[in-house]
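For reference, the structure discussed in these notes is given below.
The values are calculated or read from the model by the stated rules, or taken from the named source; none is laboratory data. As the structure is a computational prediction, the values presented were derived from the model and not from experiment. Methodologically, a virtual Cβ is constructed for each residue, glycine included, from the backbone with ideal geometry; neighbour enumeration extends over all protein chains shown. Note: areas computed on protein heavy atoms with side chains; ligands, DNA, RNA excluded. Shrake-Rupley method; radii C 1.70, N 1.55, O 1.52, S 1.80 Å.
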Amino acid sequence: MNLPNNITIIEVGPRDGLQNEKNFVPTDVKKEFIFKLKESGVKEMELTSFVSPKWVPQMQDASDIVDSCLTIDSRDIVLAPNKKGIERVYETDCQSVAVFVGVSNTFNQKNINKSTQEALEGLTPLILQLKERGYFVRACISTAFYCPYEGKVSPEDTLDLCKKFVHLGVDELSVADTIGRANPLEAFTLFSLLRTELPDVLLTAHFHDTRKMALANIFASLQAGIDRFDTSAGGLGGCPFAPGATGNVATEDVVFMVEELGISTGVNLEKLAQAIDVIKPYTSRPIESGYYRLYELNK
Ligand code: HMG
Ligand code: MG
């Protein structure tokens with residue numbers, strides 16, 4: 001079986017995990033969560049997003065989070081959807097930016113108030129400028145498998161959008177099953193196609209776990225040559241503009257599964273559970289990951 005020796009975990013809990021929480025999580029709690037995640041060994045993380053606070057009030061403290069949480073030993077990433085967001089990033093010391101756009105038009109209209117084409121046109125000069133200034137740029141490709149409004153998305157359409165970002169010079173593509181609808185065969189097929197067609201870009205899989213298929217999809221993606229996974233501590237998360245979608249696959253369950261397969265992650269599970277202890281009192285949904293439930297029982 002074709003499995004890597006190591007994988008990279010990109011922790012998205014502080015951003016994707018919290019953006020959907022209705023009650024504002026105190027900024028100091030977010031900071032402690034981020035530092036505990038770093039202590040667990042996570043080396044790449046989405047800290048927050050510079051989006052409109054009217055659209056996503058939970059992320060209104062983005063500048064404060066970034067000012068306090070950047071460290072030199074990890075790649076700390078922030079999301080930004082437009083010029084205003086990127087100008088806010090330029091006011092910080094953060095050096096890694098994630099832009100985001102879905103393959104599907106309707107999802108983009110709901111999420112960023114633009115069509116796919118309008119979003120791409122708006123982002124083009126911004127990405128070129130980020131690259132000129134030496135930033136690490138990640139492009140998050142939403143609805144790569146299914147759209148909550150339009151249904152099935154073809155692998156060719158996803159490949160087409162991915163290629164456009166690669167031509168603009170992005171360093172990484174994070175390709176997302178936004179509503180947790182893909183099955184392992186679809187994951188294997190799309191990631192095999194992307195890996196073959198786009199050999200020179202960092203390629204990351206981002207699975208939401210709505211139908212509890214994410215671990216199976218990760219196993220399938222590993223066999224397609226993928227060794228980078230976005231995950232969220234405690235399985236928190238969801239996009240406010242993707243109705244019904246639940247959290248990302250839980251970091252602790254991914255770490256446990258792949259370490260059992262002999263694949264290193266560099267993440268310490270006990271310390272990761274302690275990071276979840278920090279955020280748990282502030283989340284509206286129970287933490288349902290297998291690893292964390294057992295950790296609590298054995299406490
Ligand atoms: P809009 O209303 O069309 O924007 O929203 P606008 O340009 O007309 O501006 C409206 C107001 O927002 C103005 O303020 C702007 O200054 C302000 P006003 O004059 O009314 O006082 N504004 C901003 N403020 C702060 N930061 C900004 C910003 N931009 C405008 N960056 C916009 C367009 C893109 C801003 C809005 O739709 C938005 O913020 N959307 C973000 C939605 C979001 O965060 N979604 C979740 C992240 S994506 C995701 O979760 C998917 C992912 O996980 C992968 C997957 O799972 O699929 C990555
Ligand atoms: Mg997501």
(request) Please report the relative contact order for the chain, taking Cα pairs under 8 Å with a sequence separation of at least 6, and give it as a percent rounded to a whole number. (result) 23 percent
(message) Skipping prolines and chain starts, which residues have an amide H placed within reach, meaning under 5 Å, of the one on residue 145, given they are 5 or more residues away or on another chain?
(response) 178
(message) Spelling out what I want: for every residue of region 223-238, take phi, set θ = phi - 60°, compute 6.51 cos²θ - 1.76 cosθ + 1.60 (Karplus), and round to whole Hz; glycine and proline get x.
(response) 6, 8, x, 8, 10, 9, 9, 7, 9, 10, 4, x, x, 5, x, x
(request) Using the Karplus curve 6.51 cos²θ - 1.76 cosθ + 1.60 with θ = phi - 60°, work out ³J(HN,Hα) for each residue of region 61-72 in order, rounded to whole Hz, and write x for Gly and Pro. (result) 9, 4, 4, 4, 4, 5, 4, 8, 10, 5, 9, 6
(request) Please report, largest first and rounded to whole Å, the three semi-axes of the ellipsoid equivalent to the chain, where each semi-axis is the square root of five times an eigenvalue of the C-alpha gyration tensor. (result) 26, 23, 18
(message) Loop by DSSP (not H, G, I, E, B), at most 14 other beta-carbon atoms within 10 Å: where is the longest site-free stretch of the chain for GluC sites (Glu not before Pro)?
(response) 151-299
(message) Tell me the accessible surface of residue 280 in square angstrom (1.4 angstrom probe, heavy atoms of protein chains only), to the nearest ten.
(response) 80 Å²
(message) A 19 angstrom limit on the alpha carbon distance is what I want to check against. Which of 84/131; 30/110; 54/83; 212/299; 30/84; 83/114 exceed it?
(response) 30/110; 212/299; 30/84
(request) Could you look at the chain and say what percent of its accessible area is carbon and sulfur, using a 1.4 Å probe and all protein chains? (result) 50 percent
(request) Using only Cα atoms, locate the centre of region 175-236 and the centre of region 107-134, then give the distance between them in Å, rounded to an integer. (result) 23 Å
(request) Kindly write out, for region 87-92 in residue order, the coupling ³J(HN,Hα) from the Karplus curve 6.51 cos²θ - 1.76 cosθ + 1.60 (θ = phi - 60°), rounded to whole Hz, with x marking Gly and Pro. (result) 4, 5, 5, 4, 6, 10
